[in-house]
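For reference, the structure is listed below as structure tokens.
The values are calculated or read from the model by the stated rules, or taken from the named source; none is laboratory data. Only a predicted model underlies this, so the values are computations on that prediction, with no experimental measurement involved. Neighbour counts run over all protein chains shown; Cβ positions are idealised from the backbone, glycine included.
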Amino acid sequence: MTGPEPWWTGAVVYQVYQRSFADGNGDGIGDLAGLRQHLDHIADLGVDVVWLSPVYRSPQADNGYDIADYEDIDPLFGTIDEFDALLVEVHQRGMKLVMDLVVNHSSDQHPWFRAALQSRTCPKHDWYIWREPVDGHEPNGWRAAFGGPAWSWHPGTGQYYLHMFTPQQPDLNWDNPDLRAAVYDMMNRWLDRGVDGFRMDVINHIAKDGDALSGDSDAYVMQPRIHDHLQEMHERVFAGREALLTVGEMPGVTVEDAQLFTDPERHELDMVFQFEHVGLDHAPSSKFTRSATDLPTLKHSLARWQTGLEDRGWNSLYLSNHDQPRPVSRFGAGAWDPFAFRYESATLLATVLHLHRGTPYVYQGDEIGMVNAGFTSIDEYRDIESLNWFRGAVGRGMSESEALEALAFRSRDNARTPIPWDDSGPAGGFSTAGPWIGMGQGWPRITVAGDRAAGDRSVYEHHRRLIELRHRSRTVRLGTFTLLEAEHPTLWAFTRESADADESPLVVVANLSSSDLELPDTVGKRVGAFVLGNLGEAPVAGVLRPWEARVHECR
């Protein structure tokens, strides 16, 4: 990268899933008041951006990703005045605030869709995607992401409407210029209010092949007009505004696609969220069916994105979010034992992630090493995707115990248990009431207060050191990436070559196993002065302890 690099190349983003972060009014659901009370916890990490999951007015059919009013705050979370106060307080702490933008679909309770239901001749009818029945049935065999057909019948208009997710989330028709203009106007009003950008939910799905009345749901994604839409959005919303962040969540995106989306000369997005590495352990039939994978496969996947976006484009770096299991329970020793090497696993995974080239994302709770929920009854689950899948799987003959085992590994609720601030009360300081979802198996063993008091065994403090390193090192921000020992089954090692003549290159070494690991000569000979590690400096040169990760200057 030549010239002054964009500010976000050195930034770290912290994602807040509002309903599980902190409850300020005692109803058991996280809200803006609770977030404001704990902003210093986020600011003390040193992060640059807060990404706020949807807090818009919503019936909550999909936990806020079904929006009934894009320009108001749901009473569940607070008021627009509280949001404005939050925005001021975020900015006072030197951070930016990014909103979650969900414009692939709206809620079926949105005034736009209510108007669309009234008549085929209503102008807003064309703001959604409608099709005539074929032989008295759905127009094609497309399936919704959460199960069932992607089409629902509306008797009043005699048509089917498209919904890629739940029937309560009808898809918007981005071919309609009036719909696009309304979305852009709404986005501009948020930016005028002081919001610093958007993370755009499934944004590559907005351009659909409306004439594809056969085939599979590939016509949902990556249709050519997506680039036209995003370039128009940039021109109408982002052009001329300073220091914003635009992130596109894009299931199914390839490296080549991402190069186009994030090439600054094309004026589309700053970075994309890709799903390749978090889909490696999904079976083709369902993400709930676990598929065997290994470390070399994961390393190769992430390394390919590193090199593919080295000269053009930019990476978002993440191992978890509100839709993914906890990293410790998925990629760490916790895959076998919830608490085995928990500190080591959490800090190793953070080290590897933050030392890649791109913008790291910290999902709430990962900074204290939270683990999967550990639920054992379907009654404990709240996620609509998980509940729909469980009913379908059991209906097809799977035993309830097998289905619960699959949910225990894969359900989105694994990431949605409340933040345990301490070991008090019914909900660990999250709320004075019973929480909307169970606290999970980690509490009261894992708490914010306990972790932050743990000294050199604090996951939080290790994250802070990693963020400080990124802020001060241009090598970490912009240096080139080279994977070492790509086929090694337990060693994750790579170099970051200096992007500045005054800085040394770095080598990262990590042992993803529960046994000591002797570094191969090809790696060991590169290890120079110690920079940072999750277990302090190595007691024996050339050996990594179980789940140890270190950063060294590269010889």
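Key figures
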item	result
Residue among GLU265, GLU242, GLU249 that alone is surrounded by 20 or more Cβ atoms within 10 Å (Cβ to Cβ) and of a type in the set (D, E, K, R)	GLU249
Residue match in the stretch 418-433 (condition: charged (D, E, K, R) and under 21 Å from the mean Cα position of the chain (by Cα))	no
Odd one out for GLY215 among (1) at pLDDT below 85; (2) buried (at least 22 other Cβ atoms within 10 Å of the Cβ)	(2)
Pick from the stretch 82-139, criterion assigned to a strand (DSSP E or B) and β-branched (Val, Ile, Thr), ranking: nearest to the chain's Cα centre (by Cα)	VAL98
Failed item in (1) assigned to a loop (DSSP other than H, G, I, E, B); (2) under 24 Å from TRP7 (Cβ atoms), with PHE261 passing the rest	(1)
Single condition THR307 does not satisfy, out of (1) in contact (Cβ under 8 Å) with a residue 24 or more places away in the chain; (2) closer than 30 Å to ASP516 by Cβ; (3) assigned to a helix (DSSP H, G or I); (4) of a type in the set (Val, Ile, Thr)	(2)
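Listed here are the residues, each with its yes/no results for (1) crowded, with 21+ Cβ neighbours inside 10 Å; (2) farther than 21 Å from ALA340 by Cα; (3) in contact (Cβ under 8 Å) with a residue 12 or more places away in the chain; (4) among the hydroxyl-bearing types (Ser, Thr, Tyr).
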{"position": "ILE384", "(1), (2), (3), (4)": "no, yes, yes, no"}
{"position": "LEU387", "(1), (2), (3), (4)": "no, yes, no, no"}
{"position": "GLY395", "(1), (2), (3), (4)": "no, yes, no, no"}
{"position": "GLU400", "(1), (2), (3), (4)": "no, yes, yes, no"}
{"position": "THR417", "(1), (2), (3), (4)": "yes, no, yes, yes"}
{"position": "GLY428", "(1), (2), (3), (4)": "yes, yes, yes, no"}
{"position": "GLY455", "(1), (2), (3), (4)": "no, no, no, no"}
